[in-house]
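Step one of this worksheet: look at the structure below.
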Amino acid sequence: MKKGAVMPRDHQMRENLSQGSESFPIQYYTDNFARWEQGHVPLHWHREPEFFSVYQGEVEVQAGDRRLRLIQGETIFLNGNQFHSYTQADEKQVCLCPNIVFSGELVAPMTSVIYQKYLSVILYNPSLPYFILRPSVEWQAQIIKKLYGVYGLLAKYGEKGFYEKIPLDFGEKEPESPCFEMDVAAELMGVFRDLYVYKGSIPYQEECKKEQKAQIRLGKMLDYVNEHYREKISLEDIAACAGISPSEAGRCFQKYYGKAPVEYVIEYRLNQARRLLESSELSVKEIGFECGFYDPNYFSRIYRRHFGVTPGNYRRDARIERQSTGLDLHLGIH
């Protein structure tokens with residue numbers, strides 16, 4: 001039973017990962033889209049900002065309600081607290097993307113003049129949810145080069161993150177550093193120095209209170225689904241919790257998820273059911289009831305339509321896989 005990579009997220013789609021450590025708050029990843037189901041890194045957000053580069057292939061990026069396309073060599077900066085997702089543009093291509101998620105305080109403390117005067121122009125600026133860096137623009141190419149220096153240092157010396165490290169050939173000799181943390185911080189300082197110098201060339205957007213309001217409404221609706229998915233839920237119920245009309249709720253979900261609220265609820269229930277099938281001793285029928293599916297036949301049909309296997313067969317395959325890896329014994333399951 002082969003599954004794609006799984007991102008740990010809470011019910012509001014926040015990625016539940018520590019990005020580095022408290023003393024060195026930066027984490028390096030390399031996304032290999034072949035390891036994600038349908039080449040798709042799901043919609044999520046985190047407090048920390050992110051630089052995401054396309055080393056090989058092409059990627060479609062959702063940043064808030066915008067859809068963008070990145071080609072090989074390009075990098076996108078995504079500010080903190082921004083909803084975003086990535087999708088491989090061509091499933092036949094190899095698609096590898098190094099990226100870092102970090103705290104600005106790695107560069108300078110928030111109370112410092114450096115942060116207040118220079119970094120705050122970029123970090124958490126509501127008029128700058130994202131921007132793209134292209135190697136065809138000289139000053140942007142210099143920033144990309146510095147970022148690849150950071151990637152190389154963290155790939156060699158940094159701690160492994162939640163996802164498996166994938167070695168990349170950055171085309172230069174691997175950096176030697178007796179004090180790599182200082183070198184990483186220095187490279188990032190250089191990145192933000194350049195961004196400040198060229199801030200007039202960055203495409204700032206007008207602060208969009210409407211966009212912020214939509215994200216707040218979405219958060220309320222996601223909270224409601226998380227609390228009530230075991231019960232019967234109507235579109236009117238979902239809309240009412242955010243104080244909006246059913247049509248506005250539909251537009252909100254369509255904007256961020258590309259689907260109707262009811263479709264989201266069904267997928268949420270199915271994912272909860274899958275977790276229970278893997279971890280609980282409840283019967284398939286009991287799991288269906290627990291997840292809001294009160295008709296066992298409907299539960300089986302829709303589960304198969306979504307996952308390509310019946311709930312019972314999924315549980316059987318999950319147990320076989322656990323036994324083959326010895327995980328059942330580790331978990332105390334007999």
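The values are calculated or read from the model by the stated rules, or taken from the named source; none is laboratory data. None of these values were measured; they are calculated from a predicted model. Note: ideal-geometry Cβ built from the backbone for every residue, glycine included; neighbour counts use all protein chains shown. Just the protein is used for accessible areas: all its heavy atoms, side chains included, with ligands, DNA and RNA removed. Shrake-Rupley method; radii C 1.70, N 1.55, O 1.52, S 1.80 Å.
Past the 27 Å Cα-Cα mark, which pairs from Lys145/Lys255; Lys145/Lys199; Lys199/Lys220; Lys117/Lys145? Correct reply: Lys145/Lys255; Lys199/Lys220. If you wrap a convex hull around the C-alpha atoms of region 9-140 and split its volume per residue, what is the figure in Å³? For region 9-140, the hull spanned by Cα atoms encloses 120 Å³ per residue. Divide the volume of the convex hull around the Cα atoms of the chain by the residue count and you get 162 Å³ per residue.
Can you work out the PRE-style zone for Arg230? Point 7 Å along Cα to Cβ, and I want the residues of region 258-276 with backbone N under 20 Å. So the set is 265-276. The residues of region 6-118 have, on average, 43 Å² of accessible surface per residue, using a 1.4 Å probe with all protein chains present. Backbone amide hydrogens, once placed in the peptide plane, bring Ile166 within less than 5 Å of Thr30, excluding anything fewer than 5 places away on its chain. The angle separating the long axis of helix 180-197 from the principal Cα axis of greatest extent in the chain is about 80 degrees. Sorting Lys92, Lys232, Lys160 by accessible area puts them as Lys92, Lys232, Lys160; the probe is 1.4 Å, largest comes first, and only protein heavy atoms count. For the options Phe170, Phe131, Phe33, a Gaussian network treatment of the chain with springs between C-alpha atoms closer than 10 Å singles out Phe170 as fluctuating the most. Only one residue of Val197, Gly219, Leu147 has its Cα farthest out toward the positive end of the dipole of the chain, where Lys and Arg carry +1 and Asp and Glu -1 on Cβ, and that residue is Gly219.
Take the solvent-accessible surface of the protein heavy atoms, probe 1.4 Å, and return the percent of it on the chain that carbon and sulfur atoms account for.
Ligands and nucleic acids excluded, carbon and sulfur reach 50 percent.
Shape class of region 166-316 from the alpha-carbon gyration tensor: oblate, with a/c at 1.5 or above and b/c at least as large as a/b. The solvent-accessible area of Met189, taken with every protein chain present and a 1.4 Å probe, is close to 70 Å².
Taking all protein chains as shown and a probe of 1.4 angstrom, His46 keeps an accessible surface of around 10 Å².
Quick one: compute the contact order of the chain, relative version, from alpha carbon pairs under 8 angstrom and 6+ residues apart, as a percent. Across the chain, relative contact order equals 14 percent.
Comparing Cys252, Ser279, Ile114 along the charge dipole axis of the chain, the residue lying farthest to the positive side is Cys252, per the Cβ-charge model.
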